[in-house]
Amino acid sequence: MRLEGIHHITAITGDAPGNVEFYAGTLGLRLVKKTVNQDDPTVYHLFYADERGSAGADLTFFEYPGAAPGRAGDGMVHRVVWRVASEAALDFWAKRLAAEGTATDRAAGSLRFSDPEGLDLELVVEETEDPPLTAAAPDVLAEMALQGFAGVRAYSSRPEASAALLASLAFESAGDDGSWEVRGEGRGGFYAYDQPGTEPGRPGAGTVHHVAFASPMEEHEEWRARALEGGAQPTPVIDRFYFRSIYFREPSGVLFEIATIGPGFATDEPQDKLGERLSLPPDYESLRERIEPRLTPLPDPRARRHGAAAASGGAREASGTAAAGAHS
């Protein structure tokens, strides 16, 4: 048995509209599910991913309106890392982010930056046979698009304490730098440790809540048993409607989830309409009239950018027609 890399990563935002503008607008991801936090249905749970909402490309956010900025510290994931296809893709993102006011740090094979609330992000050029998981943003060519997660980096003052549990979960040590690889038949990624600074962590806007790893549906109960054998204290299986989950903290303090691949986001809305309306799991559908008015209206940057691209194309076509007429 092998986990199929990262399933999803969940972080916290205090500003859902700004979050949508950045991830669906600037980064070109698809908002594949607009739903609520199942433990607190008065706030959004937003899911961004590739065009199909695939495990391995799914970054999600709990919204707590006005949440104070957090700070990653010991026992917390501090960086989310995506794959891109080439150095040319890194050049594209450096220019695009700069044009939209986001500072970047460019190095060979890497581009680092932060989202508007301070979450540390990185794009890396990485050789892999894993299929690219890309979104079809109107103003991002497919060869430039984000291709799914490469991995995450966490702070730990005692990474050696986590080795036994990670090994029981079939993670493999990837060297002396505190990094591990988790790889299945179809996909893989890394989980790496860095030494924390002196300031303690503080959960809040711009911090990661948990990282989830992907399990085939039929192996999920067995992964819970393996977590127990490795010394963790996993929750019972929780049905999240779009997938099933167990949660536990690994010894460094990072909250782990093992989530099933499926049933998937098209369970309650068509694939081509993902994320366009508020989706509520069946247990909450009866509360829609009470929940929906309390949620902040969200922008649709993808539709706006589609419109801008169409208008630009129309203007170029008209200009070309006029030029042709002038020479006829």
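The values are calculated or read from the model by the stated rules, or taken from the named source; none is laboratory data. Keep in mind it's a predicted model, so treat the numbers as computed, not measured. Ideal geometry is used to build each Cβ from the backbone, glycine not excepted, and the neighbour counts take in all protein chains shown.
Data table
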| read-out | value |
| --- | --- |
| Meets criteria (surrounded by fewer than 22 Cβ atoms within 10 Å (Cβ to Cβ), part of a helix (DSSP H, G or I), among the acidic types (Asp, Glu) and out of contact with any helix residue (DSSP H, G or I) (no Cβ under 6 Å at 6 or more places or on another chain)) for Glu222 | yes |
| Where Phe47 falls short, out of the listed (1) touching a strand residue (DSSP E or B) at 6+ places or on another chain (Cβ under 7 Å); (2) surrounded by fewer than 19 Cβ atoms within 10 Å (Cβ to Cβ) | (2) |
| Residue in region 130-152 that is modelled with pLDDT under 95 and among the polar types (S, T, N, Q) present | no |
| Cross-chain or 6+ apart pairs with Cβ under 6 Å, region 252-274 first and touching a residue at least 12 places away in the same chain (Cβ under 8 Å), then polar (S, T, N, Q) | Ser252/Ser156; Ser252/Ser162; Glu257/Ser245; Ile258/Ser215; Ala259/Ser245; Thr260/Ser215; Asp268/Ser279 |
| Among (1) surrounded by 17 or more Cβ atoms within 10 Å (Cβ to Cβ); (2) among the basic types (Lys, Arg); (3) not in a helix (DSSP H, G or I) - the single one Arg106 does not satisfy | (1) |
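To keep it simple, each residue is scored yes or no on (1) modelled with pLDDT of 95 or more; (2) surrounded by fewer than 18 Cβ atoms within 10 Å (Cβ to Cβ); (3) on the phi > 0 side of the Ramachandran plot; (4) touching a strand residue (DSSP E or B) at 6+ places or on another chain (Cβ under 7 Å).
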| position | (1), (2), (3), (4) |
| --- | --- |
| Ala154 | yes, no, no, yes |
| Leu166 | yes, no, no, yes |
| Phe171 | yes, no, no, yes |
| Ala174 | no, yes, no, yes |
| Gly188 | yes, no, no, yes |
| Ala192 | yes, no, no, yes |
| Glu199 | no, yes, no, yes |
| Arg202 | yes, yes, no, yes |
| His210 | yes, no, no, yes |
